[in-house]
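In what follows, a structure is listed as structure tokens, so that the remarks can point back to it.
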């Protein structure tokens, strides 16, 4: 019976040290579609000072050069070079970085989130794919990097990209490139300590039952 206890504990340890990976589309307990922000025609567009609060206060968003823009389909448009104008993934508005070399930095409160994703795009030139560099920082201070591409053939439609972890929560995500845009952001918060305690008690009870 001691062998079973070791297996259970090893499984728990493995989950804590899990690495970040990409994830498919998920619903998300938290969301942000930027529909409540003013656009250029309403006197907004560039938001200063940054950061701005998003996802109901669960996160902040900022750029390096204070060039965050809120755009709107067919009105306050945001050009993506040869890909055309950005098209919102949810509603009619989205956020963009009004600079050719800058980044969006998302910082999550508390213990962070277990998953974060959204729909992304960037300015393309002469049909070449645009690489977007992603840096994900966890609550344990480990840093993980990813790269994905946006292509002219997307025609302004944003593409999904997301990241998740089963270990330490995601606390900061930086997406860098040329005129980066985002919409329909989603995240799942790290479970509250009380919830984790319940899971721990359940695992302990299972071990005790197996010992009998």
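The values are calculated or read from the model by the stated rules, or taken from the named source; none is laboratory data. Since the model is a prediction, treat every value here as computed from it, not as a measurement. A quick note on method: Cβ atoms are made from the backbone with ideal geometry, for glycine too, and the neighbour counts reach across all protein chains shown.
Table for the structure above
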item: Residue within segment 86-104 that is assigned to a strand (DSSP E or B), more than 15 Å from residue 181 (Cα to Cα) and in contact with a strand residue (DSSP E or B) (Cβ under 8 Å, 6 or more places away or on another chain) present; result: no
item: Number of positions in segment 161-201 that are at pLDDT below 95 and either surrounded by fewer than 20 Cβ atoms within 10 Å (Cβ to Cβ) or within 10 Å of the chain's Cα centre (by Cα) (or both); result: 14
item: Unmet criterion (only one of (1) under 17 Å from the mean Cα position of the chain (by Cα); (2) assigned to a loop (DSSP other than H, G, I, E, B); (3) surrounded by 17 or more Cβ atoms within 10 Å (Cβ to Cβ)) for residue 76; result: (1)
item: All strands (runs of 3 or more DSSP E) inside segment 1-67 with 1 or more residues being buried (at least 16 other Cβ atoms within 10 Å of the Cβ) and at pLDDT below 90; result: none
item: Subset of segment 116-133 (residues that are crowded, with 21+ Cβ neighbours inside 10 Å and in a strand (DSSP E or B)); result: 116, 117, 118, 119, 120, 121, 124, 130, 132
